[in-house]
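Readers should treat all values here as calculations from the given coordinates under stated rules, not as data from a laboratory. Note that the structure is a prediction, hence the values are computed from the model and not measured. When we count neighbours, we look across all protein chains shown, and the Cβ atoms used for this are built from the backbone with ideal geometry, even at glycine.
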Amino acid sequence: MQSETLPSLYPTLCLLHGRQVRDSVQWIYSEPMLVYYIQLFRNAYWPNGQLTAAAELPTDEQKLQMRRQAKLALLRNIPGLFSASVNNLAR
């Protein structure tokens, strides 16, 4: 019984899934959501109607320290990245 009903459900499930995707895309691009996105952007760059102040540029010493920290983080994570890449290739 189960093997007979599953194939007959596939077209219905595909139609429902397609409708759900279409409805989700329409909702994402609906006018209220576009207004919401614009408000998020505006509030991120102009909180309280004021343009945010420019961030201070790092000094040469701070830049050097950030480079060192980035290199150390990369070197610490290379074995994990390498093994993850090899595992993905093996699949």
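Below is a table of values for the structure above.
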quantity: Inter-label distance for MET66 and TRP27, nm, one decimal - labels placed 7 Å from Cα along Cα-to-Cβ; calculated: 3.9 nm
quantity: In Hz, Karplus ³J(HN,Hα) per residue of region 29-40 (6.51, -1.76, 1.60; θ = phi - 60°; x = Gly, Pro); calculated: 9, 6, 4, x, 6, 4, 4, 4, 5, 5, 5, 4
quantity: Residue-by-residue Karplus 3J(HN,Hα) for region 50-56, coefficients 6.51, -1.76, 1.60, Hz, glycine and proline x; calculated: 10, 5, 5, 6, 5, 6, 5
quantity: Computed label-point distance, nm, for sites ARG76 and LEU16 using a 7 Å Cα→Cβ extension; calculated: 4.8 nm
quantity: Projected-area average for region 19-76 over all orientations - Cα convex hull basis, square nanometres; calculated: 8.0 nm²
quantity: Whole-Hz couplings from phi, Karplus 6.51/-1.76/1.60, listed for region 61-69; x for Gly and Pro; calculated: 5, 5, 4, 4, 5, 5, 4, 4, 5
